[in-house]
Amino acid sequence: MIYFFALCIVAIVMLLCDSMYRSYSFKTPMGNMLGNASVSCVVVVISYAVNYLSSSEKLMALFCCIQDIGIVWSFYFLMRFSVYFAEKKPLNMTLRILSVVVVMLDSAIILTSPINGIAFAIEYRVGGVSTVAVLSPKPFFLVHCFICFLEVITIIWLIGERLIKSARIYAAKYVIVIVAVLFMAIPEAIFALDKKTVFDYSVFFFGIAGALLCYAVFTLPAVVILGNAQNYLSEFMPGVVAMYDNAGVLINSDKRATDVMGRDFPHIEKEMRELLQIKDDETKHIMHGGREFSVSVRRICDRNGLHVLTAFAFTDVTESSILIGKEHHNAITDPLTGINNRAGFFEQAEAFLSEHDKDRCYAIMISSVNGFKDINRLYGTKVGDNVLKQIASKLTTLRGYLPIVFGRIAESKFSLLVPFEVIGEVVDSMSTIAVQAGDNREICVDMRHGFVTMDKGLTLEDYFELAIVAFVNSKKNAGVSVVEYSDNLREEQRRRQTLIQDVRKAIDNRDIVIDLRPHINFREHRIIGAKAWACWDHPVYGRLDYNEFARILEEGGFTAEFNRYVWREAAATLERFSGSGLFNGYISVELDKENILRLGTADKLVKMLREYGLTPDRLHLVIRNCDGDERDQIIHSIEEFRRKGFYIEEADFGKGVTNVETFLKVPFDGEIIGINIIRAAYESARPEMTAASFISAFTRIGIDAIVVGVDTREDYELIEKLDVKIAEGKYFAEAIALREFAGFVRRFNKSVS
């Protein structure tokens, strides 16, 4: 009866050990099983010690029972460990129950048989000699030995096969397990050779096996495996909080991971991936308790390319996400109007198109204030800012009932993504904007629009560029406020791009030549000078008039360089004419703002003229657009040009770009007046007084009136009544090639004389 009692006690103890190890969350299932085997070995050693030191036959029998049961349970736990590690999953529950039953029956048979090892041990301890167990072991004991050897071979085979395929940082642990199993199997081999000493040696080998297993369970994971793993990860994922071995089993996790994932932390890597819905080597953001966490996963391999472990890092990124969100908002938001900037428009437009009905037709539209720079000059930048804010407010109102995306992409330009069928409604709403200009004044500003239908299979950026082309063409046509992109515009765009690419080469190759438009002294009816008029002999588009490529020069940033080129061509022409005595007048050339503000331009121009034997009065300089932030600097530079002897012609009269104060301050010698202004004056209620008054005002202060655009007989008759000094226009002559100009001057002046 005592044997059955001992069997139940030890079985309960072993099952409790198994449960305790499972409830200890720090250890992995593999560590739990090795730990159970280690405890079993320790039980064998302790029970032998008690048996050896005791003088009570009953106590010796009890602990000898415990010793034998510890042996069979050690093999059971090692079997579970081997299957778990080799198969990457726990031992099947049915097999577990069957194994426990076999182990318990095996122990029971040993405990209850009259010829078992316990009887032999008791007789040996008290000095007696067994005549049964020693001389003729029964078949049941052979079966017991066969079961033990079968378990040992199975364990070594399973772990050995896995060891060959394992990463090197795990090798020590598995080698120790194999060695421990071999030590536990040695007593069985000794029993076949020397049945009397097996009990003393068996405890010795089981003690060594238990020590090795304890080292493998409690020391290696904490010192060797986790330490080496941390070395692998230090340069990749500092602060790792969860690691799984190459079998996909949890090695370690800390409190940070538990706080995020909860107490039911997945012990299997596959379960963790399914829970997070995360794939290999990627980062995912999750929310927990109102906080945002970044979860990074990385598979680490050793130098031989073998998978070592998988690491998960949990990082609280709530504050950084808020900061990044603010930075991103600032990066995509226009600070003045509070709406999207260019980057924000593209980002929201892409998201809008991916989320909304793809069968619906959309359009990209570019809108801008007509003459926005003039508004800033006339009313100040504060009014200009109010105009932009008012436009943004209008667009925000439209978004309340129309599915649109919009943003401010440049100084006064706005981009819109709108359904094609509501373009008319949007244009009507945005055609005129009323803005308060101070002193209870309200100004109305007009807007220009260009759009392209998104039906060509292009990218959003490509459609945007096409909408820009349509918008540019809307600015060219004063009578049209909205232009749709078409194939003709595309050809025009290609032409413009070609010209922009070719203009620099044309300047370098001197493909741009100058013709001359005669300046007539209207009082004497003689040619006294000429206006340099550039022409470009383009290899594809033929001869281009200056009006056709002036905007190309401006868009390409070549205006200043081109004007310097014209200055030298004009100087060379004057030198050629002067040397032959054909023409002793002047040539008027453009002086752009960039060259005006460039230090030393006047001195360089004087030096260039001296190279050709000319004086500054032979080159008249035409200036435009003297208003703006650099007004005082421009006026100072123009005064310097006049001190050098240059004749300055001002060309902004009547165009609304130069205010009265600036007009009176600019030091110029001649005022260029368009014939259209004189026509408008003659259409007023008192035409003669209106036209004559401002021209006579120029004469009284010593400024020459230069009328340009005199193309018809009617124009000629209009200016006959006025005190005009110089006239230019088709009525007198078209632009004349250089080779013909001298002859034309002689004929014209001769006919007058």
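Scanning the range 149-168 for residues that are touching an Asp or Glu at 6+ places or on another chain (Cβ under 7 Å), at pLDDT below 70 and either assigned to a helix (DSSP H, G or I) or of a type in the set (Ser, Thr, Tyr) (or both) yields one hit, Arg168.
Would you confirm, using the coordinates I've provided, whether Ala692 is at pLDDT below 80, assigned to a helix (DSSP H, G or I) and either in contact with a Leu (Cβ under 7 Å, 6 or more places away or on another chain) or at positive phi (or both)? Taking the combined requirement at face value, the residue satisfies it.
Of the residues making up the range 531-543, those that are without any contact (Cβ under 8 Å) to a residue 40 or more places away in the chain and at negative phi are Ala534, Trp536, Asp537, His538, Pro539, Arg543.
Residues checked against (1) outside the structural domain of Ile278 (by TED's automatic domain parsing); (2) of a type outside the set (Phe, Trp, Tyr); (3) modelled with pLDDT of 80 or more; (4) under 29 Å from the mean Cα position of the chain (by Cα):
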| site | (1), (2), (3), (4) |
| --- | --- |
| Phe345 | yes, no, yes, yes |
| Ser367 | yes, yes, yes, yes |
| Ile391 | yes, yes, yes, no |
| Gly407 | yes, yes, yes, yes |
| Ser415 | yes, yes, yes, yes |
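Condition check ((1) at pLDDT 75 or above; (2) in contact with a Leu (Cβ under 6 Å, 6 or more places away or on another chain); (3) part of a helix (DSSP H, G or I)) across all residues:
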position	(1), (2), (3)
Val240	no, yes, no
Met243	yes, yes, no
Ala247	no, no, no
Asn252	no, yes, no
Asp264	no, no, no
Met272	yes, no, yes
Leu275	yes, no, yes
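Among the residues of the range 395-422, those identified as of a type in the set (D, E, K, R) and surrounded by 16 or more Cβ atoms within 10 Å (Cβ to Cβ) are Arg408, Lys413. Can you name the residue in the range 473-499 that is modelled with pLDDT of 80 or more and crowded, with 17+ Cβ neighbours inside 10 Å and, of all such residues, is farthest from Leu353 (Cα to Cα)? Going through the qualifying residues, I end up with Leu499. Out of Val405, Val422, Val427, one residue alone is among the β-branched types (Val, Ile, Thr) and either touching a Pro at 6+ places or on another chain (Cβ under 7 Å) or under 18 Å from Gly338 (Cβ atoms) (or both). It is Val405.
For the range 701-732, filtered to residues that are under 60 Å from the mean Cα position of the chain (by Cα), of a type outside the set (D, E, K, R) and part of a loop (DSSP other than H, G, I, E, B), the residue that is farthest from Ala534 (Cα to Cα) is Ile703. Name the strands (runs of 3 or more DSSP E) wholly within the range 403-513 that hold at least 1 residues that are free of Cβ contacts under 8 Å to residues at least 40 places away in the same chain? Output list reads 432-438, 441-453, 482-484.
Results for (1) modelled with pLDDT of 85 or more; (2) touching a strand residue (DSSP E or B) at 6+ places or on another chain (Cβ under 7 Å); (3) exposed (fewer than 12 other Cβ atoms within 10 Å of the Cβ); (4) not assigned by TED's automatic domain parsing to the domain that holds Tyr586, shown as yes or no for each residue.
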| position | (1), (2), (3), (4) |
| --- | --- |
| Ile677 | no, no, no, no |
| Glu683 | no, no, yes, no |
| Arg686 | no, no, yes, no |
| Ser696 | no, no, no, no |
| Gly702 | no, no, yes, no |
| Lys721 | no, no, no, no |
| Ala727 | yes, yes, no, no |
| Lys730 | yes, no, no, no |
| Phe741 | yes, yes, no, no |
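Determine whether Ile2 is modelled with pLDDT under 70 and exposed (fewer than 15 other Cβ atoms within 10 Å of the Cβ). Spelling it out, Ile2 is indeed modelled with pLDDT under 70 and exposed (fewer than 15 other Cβ atoms within 10 Å of the Cβ). For the range 72-112, filtered to residues that are among the aromatic types (Phe, Trp, Tyr) and surrounded by 21 or more Cβ atoms within 10 Å (Cβ to Cβ), the residue that is modelled with the lowest pLDDT is Phe85.
The values are calculated or read from the model by the stated rules, or taken from the named source; none is laboratory data. Given the structure is predicted, the values throughout are model-derived calculations rather than measurements. Cβ sites come from the backbone with ideal geometry, for glycine too, and all protein chains shown count toward neighbours.
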